Each structure stands twice: as structure tokens, then as C-alpha cells.
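Contents: one structure, followed by commentary.
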Amino acid sequence: MLMALNASDERAAINAFKKWLIKEQKNRLGLPDLKDVTIRPIIEALKNKHKHMQNMFFSGAAKGLMALDSFILEYIIEECLKHNVTVLPVHDSIIVQRRYKEYAEQLMEDTYERIIKTPIGTKTSRNSYGLGSLRPQDYKQKTKRYKASLWRWKEGKTFSHYQKS
């Protein structure tokens, strides 16, 4: 998708895709060959799936979209820092302490709407609640593999660095 959005024409997108597939052999498993007739249907499927973006294919638009994404994230980071909220950016997401969850979500929505002029919703990943969010009963059901690994770790652990001579 990014190759099609970054490319200046279909030929450039197909060549970039071929080059990537040659480099990433493991991703080639489903393709019998690297001919244009094999790759064009993939591009057409992407166009059909993302009809609202068809006019952006082969336009070099991805670089501009990535710049917009970085402007949005930069503004969010600056606002968090102004309010003494520690923030860790991860691609197009941020990680904040749980107590700042609502603030961060609202800030992301407001910033996106201010820059893009379109409202957007945010979502919090279930995994993002951290270890402290797990219920105590989640820890009780430990697998045999986990218990064995924990036992090996405890048995192999040495404190020789801290022994007095």
C-alpha cells in the first residue's frame, strides 16, 4: 500500500514491490513469480479495498501523509510535556500513565481534528493497560512451561557479584 502511495506511477510501484519481494524471500511464499500480471491484481485489490484513496495511488502522497502524522504526534508530545505528562511515542500512538488515559485520548482526537479538519476516534489497546491491570486470578493459572522456566531461572540465579570476600 505504501509503495503504491509513494510511487509516481504504477510502473514505479510494481518495481518497488518486486525489489522488496526479492529482498524479503519469506514474504514471497504466496506468489508463483514476480511478473507484472501477478502483481497488478494485488494493486487492484488494494484499490478496491480503499476506494476512498484511489486517487492517491501513484501520487507520492504517502510522504505528505507521513509528514502530517509526524506534525500531529509532535504537537501531542509538546502538549503532554507542557502539562507534565510523560509520553512515549510509538509510531502513530503514544503511551502515557493510566491516570492520563482520558487526557491523552481527548488530546489526540482534538489535535487530529484541528490539523486534518475531520473528527476521528481513538482506541486504547487492551494490551496497553500494562501488567498492573491484570487481575490477580490471571496470575494463578500458570502453565507448566512457565513454571519450569521460572524454576530454571531461580535455580540458575547467582549472587556471586554481591558476596563479601
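The values are calculated or read from the model by the stated rules, or taken from the named source; none is laboratory data. Keep in mind the model is a prediction, meaning the values are calculated, not measured. Cβ placement follows ideal geometry from the backbone for every residue including glycine, while neighbour counts extend to all protein chains displayed.
Only one of these conditions is not met by GLU105: (1) on the phi > 0 side of the Ramachandran plot; (2) at pLDDT 85 or above. Which number is it?
Condition (1) is where GLU105 drops out.
Within the group ALA13, ALA4, which residue is under 26 Å from SER93 (Cβ atoms) and surrounded by 11 or more Cβ atoms within 10 Å (Cβ to Cβ)?
The unique qualifying residue is ALA4.
Of the conditions (1) part of a helix (DSSP H, G or I); (2) among the hydrophobic types (A, V, I, L, M, F, W, C); (3) within 20 Å of the chain's Cα centre (by Cα), ILE94 clears all except one; give me its number.
The failed condition is (1).
Report yes if LEU34 is loosely packed, with under 15 Cβ neighbours inside 10 Å, of a type in the set (A, V, I, L, M, F, W, C) and not assigned by TED's automatic domain parsing to the domain that holds THR122, otherwise no.
So LEU34 passes the test.
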